[in-house]
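A short reminder: the numbers here are calculations on the coordinates, not readings from a lab. If you're wondering where the values come from, they're calculated on a predicted model, not measured in any experiment. Note that each Cβ is placed from the backbone with ideal geometry, even for glycine, and that neighbours are counted across all protein chains shown.
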Amino acid sequence: MSVLALGIAICLLMATAILLIWFNRTSVRIQKYAGLAFVGLLTIEFCANYIYPMYYQFARMPSAAANPYAGAPFVRFLQRHCGDQYRIVGQNGVLVPNWAAAFQISDIRYLDALYVSNYFPWLEAFFPDWPAYSPELSQCFRGLAEFDFTRPVTQRLLQLSSVKYIVATNFFAPPDPVIEAILEQNRGHLTPGHESQVSDQTFSINKEIRRTLGEHPPYERLPYDVVVPRSHPVFRFSYGIETGAWSLPGDGVDFSIELRDKSGSIQRVFSKYIDPKHNTSDRRWMEGEIDLRSYAGQPIQLLFSTGPGPAGNTAADWAGWSDLHFGDRPAAPQSVFEPVYDREVKISEYDHVLPRAAVFYQVDLEPDDAMVLKRLADPAFDPFRAVVVNSHALTKSNEAKLFQFDNRSSPQLTPAVIAHYSSQQVVIEANALGSGLLMLNDTAYPGWKAEVDGRDAPILTTNYYFRGVLLTPGKHRVRFLYRPRAFLIGATITLATALVLAVFGLLRLLARKSKHSSNLP
């Protein structure tokens, strides 16, 4: 019996004793025994809580060897796999910003009262629909929303920032044009009060990851306007309940499809109830099809509905439709995100990212920062071959050096080795195959200085947001040092103040000794 159950039982018995005393005032015997029982139970309750540690007989303390700061299992996975200073990004509220830093994991999200001024423009360049994520991308980047990293422009952010792992509650699947069409047709027209029940989802059922039209019950008649093709008039689809819901309460989902023809008449063409929470045979992607040969060449409207099970329980009814198509199943596009961890969270690996430090031999010059961001987000731009620099921010000397780069026959980047990395110093070993520009994709924050082979070197703001230094052909040791001017000014003022106080104190001491000597006989 648990501690809670035992405590409840004692409380109920005590309440019974009080009721017996109250309602049996004429019976001295009942009052006597009920009173003794109440006192005895109260004594047991106090002894069990404050004298004999009954709680610890049921709730054992963790081993003294357990480390509360070790992090969850997925944190340890990331620590093992984020070698070479690769970064991560979390979403759906997983691994909230600043927390990752406690485990020495670099996350591109952060919460700070002192943001770098160009931080949000940098993010917005790769999220053309960033107002939809407000305040995520207008005030802070918390990762509470579900960001769509399946598009090339958002993947460019991952590439440039060396984000190799995405931590979320779902895996990623390539976009589905039919699902996108259904959502676009219904934009602004979803049933009022039920808008959140229809969304673009990713379901993992038996480790088969698919883009899914999520439709949480109860939702009736989500329309899809389509013309039935003459060559392939059979409409095929999949449906199911996401794996994570199988162990949660609920009694399944009723899936149905109705057809509205051009005359406006409606008929049900598909209906199926599944309950994978209790029926193991339903723990898979279910397949369905509708023969629409009698409507070939005609415009129709398919109405998708999901309803609760027989008991009307909609708890954890994570239902959805997937793989909607006419005729033969189209070849699924290859996902660029590989599932590498599927336990308490989902971790996807994106391998096509830049190293944290590399030497580039091609530089694209743009006249201002806005054009730099536009160039970085351009699908035709190859971030593995070139970097982009704002020519307006260059000195004449550095601009002349960049013009000497052979942009026509330049090789791809050469990775560099980060020999030491700390908050105030980064040491990089680089081997330049020719005249090149070393880029460390850390923030080009004011106060950083650079040395190349022990000599001071100017830092160029590269790819809008990062640090770069020019290199001649050969091997080099590059060191970035954080030496902000404000700190040096503050240190100088502090030392000067301390010196003045010391001199003032010394003069007072000498004056006091002199006065004391003059007063001697």
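Less than 5 angstrom separates the built amide H of L111 from those of N98, all sequence-distant by 5 or more or on a different chain. Spread over its residues, the convex hull of the C-alpha atoms of the chain is 338 Å³ per residue.
Put simply, when 286-293, 209-216 are sorted by average Cβ atoms within 10 angstrom per residue, most first, you get 209-216, 286-293. The trypsin sites (Lys or Arg not before Pro) of the stretch 151-193 that meet both conditions, a loop assignment by DSSP and at most 12 other Cβ atoms within 10 Å of the site Cβ, are R187.
Rounded to whole numbers, the Karplus 3J(HN,Hα) couplings from phi for the stretch 411-428 are x, 5, 4, 10, x, 10, 9, 8, 7, 8, 9, 9, 5, 10, 8, 10, 10, 10 Hz, using 6.51 cos²θ - 1.76 cosθ + 1.60 with θ = phi - 60°, and x at Gly and Pro.
Backbone phi angles across the stretch 147-154, fed through the Karplus curve with coefficients 6.51, -1.76 and 1.60 (θ = phi - 60°), yield HN-Hα couplings of 7, 8, 9, 8, 8, x, 5, 6 Hz in residue order; Gly and Pro are listed as x.
Measuring spread by the Cα atoms of the stretch 73-168 yields a radius of gyration and Dmax of 12.9, 36 Å. Debye-formula intensities of the stretch 177-334, expressed as log10 I(q)/I(0) at q = 0.08, 0.10, 0.21 Å⁻¹, are -0.22, -0.35, -1.48 (one equal scatterer per alpha-carbon, no solvent).
Against the empirical curve 2.2 N^0.38 Å, the C-alpha radius of gyration of the stretch 385-469 lands at a ratio of 1.08. The ranking of Y133, Y69 from fewest to most other beta carbons within 10 Å of each one's beta carbon is Y69, Y133. Taken over the C-alpha atoms, the stretch 129-248 has Rg and Dmax values of 16.7, 51 angstrom. Think of each Lys and Arg Cβ as +1 and each Asp and Glu Cβ as -1; about the Cα centre, that makes the dipole of the chain roughly 2500 debye.
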